[in-house]
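The values are calculated or read from the model by the stated rules, or taken from the named source; none is laboratory data. Note that the coordinates shown come from a computational prediction; the quantities given were computed from them, not determined experimentally. Cβ sites come from the backbone with ideal geometry, for glycine too, and all protein chains shown count toward neighbours. Ligands, DNA and RNA are excluded from the accessible area calculation, which covers all protein heavy atoms including side chains. Shrake-Rupley method; radii C 1.70, N 1.55, O 1.52, S 1.80 Å.
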Amino acid sequence: PLILRHAKFEQVKGTEFMKILVINGSPRGEQSVTLKITRAFLEGMGESAEIIDTMRVNVKPCLGCFSCWWKTPGKCAQQDDMADILKKLLESDLVIWSVPLYCYNVPSNCKALYDRLIPLGTPAQEVDDTGTTYHPGRQEIHTKIMLISSCGFPDFQNNFDGMDFQFNRMFSKECPRIYCVEAPLMNIPEAKPLTDAYLAAAKRAGAEYRASGAISAETKAILDAPMLPPDVYRAQIRR
C-alpha cells in the first residue's frame, strides 16, 4: 500500500525545526555507520533529534488483518510500541530514516516499521497522474521525510534500486536522500582522511537542507561518489 506517498510533503525553507525524529534502522544500533552519517547531517543542521532504535522497540510484524482499515480505522489491533511511534512520526517536523542497505533493501527490523504504517492509509484505491493505483492517506501529513543509507559496495547503481523504489512508493520521489557507498571505510582508522571528508560533506548537506530544504547537486555528487576508486576498494576489502 502507498501509505504516505500522496501526503503533502512540503519542502522546508529555513524552517526552525522543533521536533526531529530519527528512525535508526540498523541492527548495529549506536555502532551504525549510517547513524554516524546521520549525526553529521544533524550537526550541520544545528539540530538535535530523538532517535528510535528499531532493535530496541517492541514492534511486531504486520498481521495483514486490516483491522486498522475496517474495524478500528487508523488504529492497529496489536498492542505494542508502534502506536507511540506513529504518534511521534505525525508530530515531528522532520523524520529521518537512517537505514543501512541489507540484501538490496532495508533490514527486517526496519521493514516491520514500514509495514506497520498501514493505519495511516485507507482501503480506498485511487489513480495518480502516472496511471498508478494507490491507497490515499487517512489524513493530511506535513511531516518532512528523508532517507540516509549506506552499504558496503563501491557502486551506487544497481545496489540501491530496491530501497529507492520502495521509498519512492511509500513516501515521495521528492524526499531528499543520502546514499553512502564503501561505508566499511568508516571503521578503518587508516581511511580517516577519506571518511572525515565524507562526514564533512554530510555536515554541509545538513546546513544546506536547513537553509533551503534541499541538498545541492554539488554536495550530493560528493556524497554519492565512492571514497576510493572501486577497484582499489574491492582489493582492500578482500584482505
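Miscellaneous remarks
- Restricted to the stretch 173-184, and to residues there that are open to solvent by 20 Å² or more (accessible area, probe 1.4 Å) and in contact (Cβ under 8 Å) with a residue 40 or more places away in the chain, the residue that is nearest to TYR114 (Cα to Cα) is GLU174.
- Tally, over the stretch 155-172, of residues that are crowded, with 20+ Cβ neighbours inside 10 Å and closer than 15 Å to CYS103 by Cα: 2
- A residue that is hydroxyl-bearing (Ser, Thr, Tyr), touching a helix residue (DSSP H, G or I) at 6+ places or on another chain (Cβ under 9 Å) and over 30 Å from GLY206 (Cβ atoms) occurs nowhere in the stretch 117-128.
- MET45 more than 30 Å from SER212 (Cβ to Cβ) and within 19 Å of the chain's Cα centre (by Cα): no
- Residues that are under 13 Å from SER150 (Cβ atoms) and either open to solvent by less than 10 Å² (accessible area, probe 1.4 Å) or at pLDDT 95 or above (or both), drawn from the stretch 185-224: LEU185, MET186, THR195, TYR198, LEU199, ALA202, LEU223
- Filter result for ARG138 (in contact with a strand residue (DSSP E or B) (Cβ under 7 Å, 6 or more places away or on another chain), surrounded by fewer than 20 Cβ atoms within 10 Å (Cβ to Cβ), more than 30 Å from TYR233 (Cα to Cα) and touching a residue at least 60 places away in the same chain (Cβ under 8 Å)): yes
- Filtered residues of the stretch 151-194 (kept if under 20 Å from THR130 (Cα atoms) and hydrophobic (A, V, I, L, M, F, W, C)): PHE165, PHE167, MET170, PHE171, CYS175
- Residue match in the stretch 165-181 (condition: aliphatic (A, V, I, L, M) and modelled with pLDDT of 95 or more): yes
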